[in-house]
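Here's the structure we're looking at; comments come further down.
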Amino acid sequence: MKKILLINWRDIKNPEAGGAELYFHEIFKRLAAKGYSVTVLAHAFGGAPSEETVDGLTVIRRGGKFLFNYQIIPWLVTHHRSYDIVIEDLNKIPFFTLFYCRKPRLHLAMHFFGTEIFKEAVFPLALYVFLMERLAGFLYRREKFVAISESTAGDLVRFGVPRDTITIIEPGIDTTFFRPVCEKKRPAVIAHVGRLMKYKNVQFVITCLPELLKHAPDLMLHIGGSGDYRSALENLAASLGVREHVRFLGRISEEEKRELLSGAVMFVNPSAKEGWGINNIEANLCGTVSLSNNVHGLRDSVIDTVTGLLYQPDDRDDFVRKALILLTDDKARSRMEQAALKRAREDLDWETIASRMEAVLN
């Protein structure tokens, strides 16, 4: 039996778990079902046991939210020899496993903030993350990587990592669960689902609403998800006079998300930085196209004019123009819906993605 140690800041049960956690959990629970022994090392959080089994994965929780990468070093020095391979999720802050893990190593790269971190965090913390990303790029340039998109691979190359040491394995999708479950809502609904953080840029969509409402007076924006930036978004909607057109749904279940995505005329993804954009693909499987920011990652999950539309960053006029295409041109939107659905079903099933990861590991 091959024994895998996967290191990530959060495990799938962490309240702050997001796309990165879903990515490794869905892949490695399938490898565990094939007979691999998979251990996940993540930081502890309130109410969670120090060790448990989740979907066949052994989850070990040590250290705290902010210093996890340093606190786990003694554990790793002691225990890493028990595993056949050590996989590090290099998600912004490195664990520096190359200095003390003498087993084969692989590094998963989701996305890098770059200068966008200065918009999200206070300066000392932002500077720390920025420098750690650059340091990781330098120190890890001789390591093996899996990147979730061509955009992330491009970031690694710019850091000095040779392109031939990077394999791209996109996030998969549950093609049986995500499917259309209801008709499109009337009045029309624009949907967004994600953590409410500043860099996710939902504020941009809200600032575009006044202009959109001139053309579609009954239009609604439904936002699923929670986060520290919610109160700021609520205040912004009120200050622009569009609060009655914005519904904050809070944290929603997967079933509620599926219904929201199915009933929306479009999904909007305005994030300033992503590694891929799995929620775009979830929307596609529910019969809904995405209007996304033309930035790294999102331009990989959305093929512009084929499976959805991309708008130029911070360009309200371009966003409104393209939103109106999806709101008013039923023929064009239907064509993109069908193309997006076909791509998601045929190329991005989790079983296919897990098999590709298994090939890289072997």
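Some observations on this one:
Let's see how each residue does on (1) touching a helix residue (DSSP H, G or I) at 6+ places or on another chain (Cβ under 6 Å); (2) of a type in the set (G, A, S):
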{"site": "V59", "(1), (2)": "no, no"}
{"site": "F66", "(1), (2)": "no, no"}
{"site": "H79", "(1), (2)": "no, no"}
{"site": "E88", "(1), (2)": "yes, no"}
{"site": "T97", "(1), (2)": "no, no"}
{"site": "C101", "(1), (2)": "yes, no"}
{"site": "A109", "(1), (2)": "yes, yes"}
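- Within the range 203-225, the set of residues being assigned to a loop (DSSP other than H, G, I, E, B) and surrounded by fewer than 17 Cβ atoms within 10 Å (Cβ to Cβ) comprises P217, D218.
Residues checked against (1) assigned to a helix (DSSP H, G or I); (2) among the hydrophobic types (A, V, I, L, M, F, W, C); (3) farther than 25 Å from T175 by Cβ; (4) in contact with a Phe, Trp or Tyr (Cβ under 7 Å, 6 or more places away or on another chain):
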{"position": "W276", "(1), (2), (3), (4)": "no, yes, no, no"}
{"position": "I281", "(1), (2), (3), (4)": "yes, yes, no, no"}
{"position": "L310", "(1), (2), (3), (4)": "no, yes, no, no"}
{"position": "P313", "(1), (2), (3), (4)": "no, no, yes, no"}
{"position": "K322", "(1), (2), (3), (4)": "yes, no, yes, yes"}
{"position": "A332", "(1), (2), (3), (4)": "yes, yes, no, no"}
{"position": "M336", "(1), (2), (3), (4)": "yes, yes, no, no"}
{"position": "A340", "(1), (2), (3), (4)": "yes, yes, no, no"}
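- Apart from one condition, V146 fits all of (1) assigned to a loop (DSSP other than H, G, I, E, B); (2) buried (at least 20 other Cβ atoms within 10 Å of the Cβ); the exception is (1).
Here is a yes/no grid of residues against (1) over 19 Å from F113 (Cα atoms); (2) surrounded by fewer than 22 Cβ atoms within 10 Å (Cβ to Cβ):
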{"residue": "F248", "(1), (2)": "yes, yes"}
{"residue": "E254", "(1), (2)": "yes, yes"}
{"residue": "G263", "(1), (2)": "yes, yes"}
{"residue": "K273", "(1), (2)": "no, no"}
{"residue": "I281", "(1), (2)": "yes, no"}
{"residue": "L291", "(1), (2)": "yes, no"}
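- Among all positions in the range 67-85, there is no residue which is modelled with pLDDT of 95 or more and in contact with an Asp or Glu (Cβ under 9 Å, 6 or more places away or on another chain).
- Residue that is touching a Ser or Thr at 6+ places or on another chain (Cβ under 9 Å) and either polar (S, T, N, Q) or in the same structural domain as K273 (by TED's automatic domain parsing) (or both), where the choices are T39, T115, T97: T39
- Flag if L249 is assigned to a helix (DSSP H, G or I), of a type in the set (A, V, I, L, M) and either touching a helix residue (DSSP H, G or I) at 6+ places or on another chain (Cβ under 8 Å) or outside the structural domain of L22 (by TED's automatic domain parsing) (or both): no
- Among residues of the range 152-188, those that are closer than 30 Å to S253 by Cα and in contact (Cβ under 8 Å) with a residue 60 or more places away in the chain, counted: 18
- Selection status of E183, acidic (D, E) and surrounded by 15 or more Cβ atoms within 10 Å (Cβ to Cβ): no
- Only one entry in I353, I325 is β-branched (V, I, T) and farther than 25 Å from L209 by Cα, namely I353.
- Answer from L5, L22, L98 - the residue that is under 21 Å from the mean Cα position of the chain (by Cα) and at negative phi: L22
- Candidates in the range 157-180 are the residues that are modelled with pLDDT of 95 or more and not in a loop (DSSP other than H, G, I, E, B); of these, the one that is surrounded by the fewest Cβ atoms within 10 Å (Cβ to Cβ) is D164.
The values are calculated or read from the model by the stated rules, or taken from the named source; none is laboratory data. The model shown is predicted, which means the values in this text are computed figures rather than measured ones. A quick note on method: Cβ atoms are made from the backbone with ideal geometry, for glycine too, and the neighbour counts reach across all protein chains shown.
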